[in-house]
Amino acid sequence: MQIEMENNKDIVFLTGDLGFNALEPLHQSFPDRFINVGIAEANMIGIAAGLALTGKKVIVYSIASFLTMRPYEQIRNDICYHNLDVKIVGTGGGFNYSTHGITHHTIEDVAIMNVLPNMQVLCPTYSWEAREATKSMMKSKKPTYLRLGKSPKTNFFKPDFKFKIGRGFVIREGKDILLLVTGNILDCGMEIAEIIKNKTGLEMSVISMPSVKPLDKKLILETSKKVKLVATLEEHSLHGGLGSEVAMLLSQSHLPKLPFIPSALPDVFIKDVGSRDFLLNKAGLSPKKVAKNIIKKLGR
Amino acid sequence: MSYWSKTAETGSALCISDILAVLYFKILHINPKKPDDFDRDRFLLSKGHGASALYAALAERGFFSVDKLKKYRVNGGIFHGHPSKEVAPGIEISSGSLGHGLSIGAGMALVLKKSLPKRKVFVLMGDGECNEGSVWEATMFIASHKLNNVIAIIDDNGFQGFGKTSDVHTMDLATKFKAFGWQIFHVDGHNPVQLEKILNKAKTSSRPCVVIAKTITGKSIPNIENTLHAHYYIVDEKTHKNHHEK
């Protein structure tokens with residue numbers, strides 16, 4: 001972001017009073033273009049719209065749950081309806097704010113951003129995707145939601161990867177099963193592939209989908225043709241996220257009906273207290289449980 | 001327009017018509033031939049339900065032909081009951097849900113204050129609209145950032161959707177804005193001379209200003225003036241004919 005703001009004097013960064021121990025260098029570098037709007041998300045989105053309507057490219061930043069839900073109508077009417085160059089950067093998608101509790105768990109954001117006309121939705125996984133998604137987002141003039149979370153420690157980058165909004169990336173090749181993953185849970189997807197291989201010998205293709213909207217429909221359909229089962233994995237509600245989008249795509253395609261397993265968070269508030277992994281396990285998203293479901297569906 | 005389209009929001013448009021006439025013909029630095037000229041004042045109709053008055057003002061000021069007004073709220077028309085930015089020149093923002101305009105105005109004012117300090121952002125809100133919390137988030141922000149290029153105008157007609165504003169909330173608007181550090185002006189919203197004088201005065205203020213314009217909902221249609229019904233009133237044939245003959 002530092003580089004983007006150095007290169008483009010029209011970028012304005014707004015924060016909803018968050019960024020302690022992270023955004024100070026940005027604030028110091030650009031005191032005139034970095035504004036702490038305060039704890040007032042609706043106002044922040046409205047201000048972003050006003051700035052964008054007056055020629056600026058705007059980034060708004062806060063915790064993902066606060067940033068997407070409190071000012072949702074401002075995002076819809078002020079940003080998307082006007083189709084403005086505003087980038088909504090939410091941190092802590094999914095269970096990243098684990099022990100902070102339900103208010104900080106962000107499990108509906110992709111669904112509510114997906115459904116807005118003009119909006120792009122990006123959920124990068126690891127550092128390369130996050131960096132490239134940010135660069136692509138800043139090149140684009142469209143409203144964009146960037147969902148950030150804790151990066152898995154693994155680097156999944158391959159030399160032939162070239163990031164583009166709307167593109168998916170094959171992280172692991174496999175001829176039997178397709179697993180589509182979005183967001184920071186990709187490492188869990190890789191573990192699932194390994195468990196299935198060890199238990200059944202079946203090879204799973206794992207594709208990272210940092211761009212949920214637009215979706216890489218071509219890649220999904222082409223890969224689905226070759227496998228026995230399609231599965232999705234996301235740290236988000238079962239409703240309205242990657243799984244829903246893929247289900248709609250496959251159901252409307254001319255492909256023969258395939259077994260489909262969407263792995264996501266159930267339609268309940270997970271009230272248990274614990275770490276991200278603990279909560280994912282409670283929600284049924286541990287690699288073992290997801291692998292077991294897939295194996296069962298295949299009748300193995 | 002209400003008569004042609006058989007739609008309401010009549011009183012809410014009539015009560016701001018004098019304010020818009022003064023703004024568009026006496027106050028705003030605008031050029032209908034260059035509606036997107038960066039060097040212009042911005043007028044934001046935050047109370048979007050007064051849209052028909054805005055369309056009429058823009059047409060009379062030459063942003064588009066008066067004939068187009070017949071395309072208001074009809075099948076295959078141009079204009080919604082609440083403004084859509086892209087449908088005609090001169091409409092600065094799409095609005096309709098209340099409490100959005102002042103924040104958008106704050107964003108515009110941040111840019112203009114640095115680049116064109118003489119240009120102002122006028123935001124017209126309803127008194128009922130000030131129930132919205134976002135109005136006060138913006139009020140606080142504008143005062144903190146010393147955006148004296150923002151002039152809020154309150155259409156103080158005393159009514160909101162389901163009753164009198166004083167019955168819904170008892171707090172006095174002027175007291176609230178004053179507490180937030182704004183300069184307050186009171187004006188008769190149907191007196192063009194006073195309106196022009198006060199709005200010009202507000203333009204020279206060193207602080208953000210709010211002009212509280214006392215208005216009459218349904219102004220000029222005696223049987224609906226100052227009634228809750230004015231907002232929901234659809235102009236009938238007799239009233240239309242009477243006004244047309246005047």
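No value in this document is a laboratory result; all are computed from the given coordinates. Since the model is a prediction, treat every value here as computed from it, not as a measurement. No Cβ is skipped: glycine too gets one built from the backbone with ideal geometry, and neighbour counts run over all protein chains shown.
Key figures
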| item | result |
| --- | --- |
| Test item: Cα-centred dipole of chain B, Lys/Arg +1 and Asp/Glu -1 on Cβ, debye | 780 |
| Rounded Å value of the spacing that divides the Cα centres of region A:193-250 and region A:99-131 | 18 |
| Hull volume in cubic angstrom per residue (convex hull over the Cα atoms of region A:169-297) | 99 |
| Filter on B:LYS47/B:LYS219; A:LYS153/A:LYS296; B:LYS68/B:LYS241 - keep pairs with C-alpha separation over 24 Å | A:LYS153/A:LYS296 |
| Antiparallel %, DSSP beta bridges [both residues in the protein assembly as shown], to 5 | 10 |
| Amide proton proximity set for B:ALA8, modelled H, under 5 Å, gap of 5+ | none |
| Dipole magnitude (debye, nearest 20) for chain A, charges at Cβ of Lys, Arg, Asp, Glu | 1120 |
| Using a Förster distance of 35 Å, the FRET efficiency for B:SER206-A:ILE102 (Cβ separation, nearest 0.05) | 0.15 |
| Amide proton proximity set for B:GLN160, modelled H, under 5 Å, gap of 5+ | B:THR165 |
| ³J(HN,Hα) computed for each position of region B:169-179 - Karplus, 6.51 cos²θ - 1.76 cosθ + 1.60, integer Hz, glycine/proline x | 9, 8, 5, 7, 4, 4, 4, 5, 4, 4, 4 |
| Dimensionless Rg over Rh [region B:92-246; C-alpha; Kirkwood] | 1.01 |
| Once exposed loop GluC sites (Glu not before Pro) are cut out (DSSP; at most 15 other Cβ, 10 Å), longest piece of chain A | A:1-172 |
| Estimated vicinal HN-Hα couplings, Hz - region A:116-131 in sequence order (Karplus 6.51, -1.76, 1.60; Gly, Pro = x) | 8, x, 6, 7, 9, 10, 10, 10, x, 9, 10, 4, 4, 4, 5, 5 |
| Longest to shortest principal axis, alpha-carbon extents of chain A, angstrom | 61, 40, 34 |
| Neighbour net charge for A:GLY94 - beta-carbon separation under 14 angstrom, K R +1, D E -1 | -2 |
| Where N is the number of residues in region A:2-148, Cα Rg divided by 2.2 N^0.38 Å | 0.96 |
| Listed residues B:SER46, B:SER97, B:SER12, most fluctuating in chain B (Gaussian network, C-alpha, under 10 Å) | B:SER97 |
| For region B:1-66 and region B:74-147, distance of Cα centres in Å | 14 |
| A:GLN120 long-range amide H proximity, modeled H, under 5 Å | A:THR144, A:TYR145 |
| Relative contact order (%) - criterion: Cα under 8 Å, at least six apart; region: region A:2-148 | 22 |
